[in-house]
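See structure below.
The values are calculated or read from the model by the stated rules, or taken from the named source; none is laboratory data. All values reported here derive from a predicted model rather than from experimental measurement. Cβ: placed from backbone, ideal geometry, glycine included. Neighbour counts: every protein chain shown. The accessibility values were calculated without ligands, DNA or RNA, using every heavy atom of the protein model including side chains. Shrake-Rupley method; radii C 1.70, N 1.55, O 1.52, S 1.80 Å.
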Amino acid sequence: MRHSIFSLALNALTGHRAWRPTWTDAAPRPDYDVIVIGGGGHGLATAYYLAKVHGIHRVAVVEKSWIGSGNAGRNTTIIRSNYLLPGNNAFYELSMKLWEGLEQELNYNAMVSQRGVLNLAHSDAQRDAYARRGNSMRLHGVDAELLDRGQIEAMAPFLDFDNARFPIKAGLLQRRGGTARHDAVVWGYAHAASKLGVDIVQNCEVTGFLRDGERIVGVETTRGPIRAAKVAMAVAGHSSLVAGLAGFRLPIESHVLQAFVSEAVKPLIPGVITFGAGHFYISQSDKGGLVFGGDIDGYNSYAQRGNLPVVEDVCEGGMALMPMIGRIRLLRSWGGVMDMTMDGTPIIDHSPVDGLYLNAGWCYGGFKATPGSGFCFAHLIARGESHPTTAAMRLDRFARGYVIDEKGQGAQPNLH
């Protein structure tokens, strides 16, 4: 069903009893051209662009649980392209441009809201670093504005300007940044991919790989073997586990990243605001809840839950930035399993095993990269060569010494 004002009006007249499922929950077929492991945003986006851009329709997305049950539904919904280094800058700007037309492309309301992302600076050195980043962004055609204290105060008067331990000196603003509804992004890609003939197979866990000699030619699953000409991994925090099934190791560690939402309050936060003196970022949902998060928990884990010391640390960061939120009650929290590389940059490349493609290591950038990741990964799978914007995101960059050191976030970042 195509969503429009007319279909909405028609179903309103019939009591909304005639809506059909947004996507088809398919049973696995014996073979496909491509199998994508992972039913999150990246996997579904990859399947969609394989069908839409490259004309490969015999594609299956296999998910061990329900689609969006992993990191795609466990983040703080921020989208932005305010990166410093060329290896990341062009890629995230490509993703931002895809975000801007995503709802029309998918015929689905993903609630993309370009309300702006403001990074606060609390020292002269940090202001200078933001100026450097902003200049790099503008040289690459990305919008950036360096704001002084007065401009920030006019935009967000509720911040603590006078009594703060870390006074606000300046800020870097990307007006095109903002938020999107994470669940709706998953559903939108599933809706559009299913319409193009992609099979979305839920409750189908990959337990191993089928091989013809050294080449991977399919997957073993809890619903039986499925063969394919090509197999692609997009499993986020579980990348190391799936790679282990294929017989190789990745330079990735899995950590928990917690996110939080408060009770609903009246409109308060104009966009996304980040605290430069600590790892804290906050926005406000359409329901009125304050959505915020901070740093990873700092220990290796595959659990989708966090620990109390990090809850305290995140809340301390929020209180230092805007003491007023101390009167707001925390409603709920959740944890995503993050696949952290040592240089803070993802991997989109051929795997060391023939027939298997790799999409992993997204660190903090996974959700905002969803459209760009799917677009570029589909290009790699279909054409056998990297998209120009991901040519530097090769797996062997660690061995060759060509890291893109945006921000290393492994347990021992001193090693990068």
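Descriptive notes on the structure:
- Heavy-atom surface analysis with a 1.4 Å probe gives region 279-373 a carbon and sulfur content of 53 percent of its accessible area.
- Phi angles across region 159-176 convert, under the Karplus curve 6.51 cos²θ - 1.76 cosθ + 1.60 with θ = phi - 60°, into 3J(HN,Hα) values of 6, 7, 8, 9, 10, 6, 5, 10, x, 7, 9, 6, x, 10, 10, 10, 5, 7 Hz, Gly and Pro given as x.
- Dimensions of region 304-411 from C-alpha coordinates, computed as largest minus smallest value along each principal axis and given longest first, are 54, 27, 23 Å.
- Packing here is the average count of other Cβ atoms within 10 Å per residue, and on that basis the peptides 369-375, 52-58, highest first, run 369-375, 52-58.
- With each label modelled as a point 7 angstrom along the Cα→C-beta vector, the Ser69-His3 pair spans 2.3 nm.
- Estimated vicinal HN-Hα couplings, Hz - region 276-292 in sequence order (Karplus 6.51, -1.76, 1.60; Gly, Pro = x): x, 8, x, 8, 8, 9, 8, 8, 10, 6, 5, 7, x, x, 7, 9, 8
- As a fraction of the 1.4 Å probe accessible area of region 1-90, surface on carbon and sulfur atoms comes out at 62 percent.
- Simple rule: put +1 on each Lys or Arg Cβ and -1 on each Asp or Glu Cβ in region 224-333, find the dipole, and look at Leu250, Gly278, Val311; the Cα lying farthest toward the positive end is Leu250.
- For region 294-311, 3J(HN,Hα) computed residue by residue from phi via the Karplus equation (6.51, -1.76, 1.60; θ = phi - 60°) reads x, 8, 5, 5, x, 9, 5, 6, 10, 8, 8, 8, x, 10, 5, x, 6, 4 Hz, glycine and proline entered as x.
- Computed on the Cα trace of region 131-186, the radius of gyration divided by the Kirkwood hydrodynamic radius gives Rg/Rh = 1.09.
- Rg and Dmax [Cα atoms of region 37-111; Å; Rg one decimal, Dmax integer]: 13.8, 38
- Counting only Cα atoms, the size of region 179-254 along its three principal axes is 41, 31, 19 Å, in decreasing order.
- Ordering of 220-230, 15-25 by packing is 220-230, 15-25, highest average first (other Cβ atoms within 10 Å, averaged per residue).
- Close amide H partners of Arg211, meaning residues 5 or more places away or on another chain with modelled amide H under 5 Å apart, are Val217.
- Accessible area expressed per residue, the chain, with surrounding protein chains retained (probe 1.4 Å, Å²): 43 Å²
- Amide H contacts of Arg58 (H built 1.01 Å from N, under 5 Å, at least 5 apart or other chain): Asp33
- Only lysines eight or more places from Lys195 in sequence, or on another chain, were considered; those with a Cα closer than 16 Å are Lys52.
- With the convex hull constructed from alpha-carbon coordinates only, the chain shows a mean projected area of 20.7 nm² over all directions.
- Per residue Cα convex hull volume in Å³ - calculated over region 95-209: 204 Å³
- Cβ-based net charge around Met393, under 14 Å, with every Lys or Arg adding one and every Asp or Glu removing one: -4
- DSSP beta bridges in the chain [antiparallel fraction, %, rounded to 5]: 70 percent
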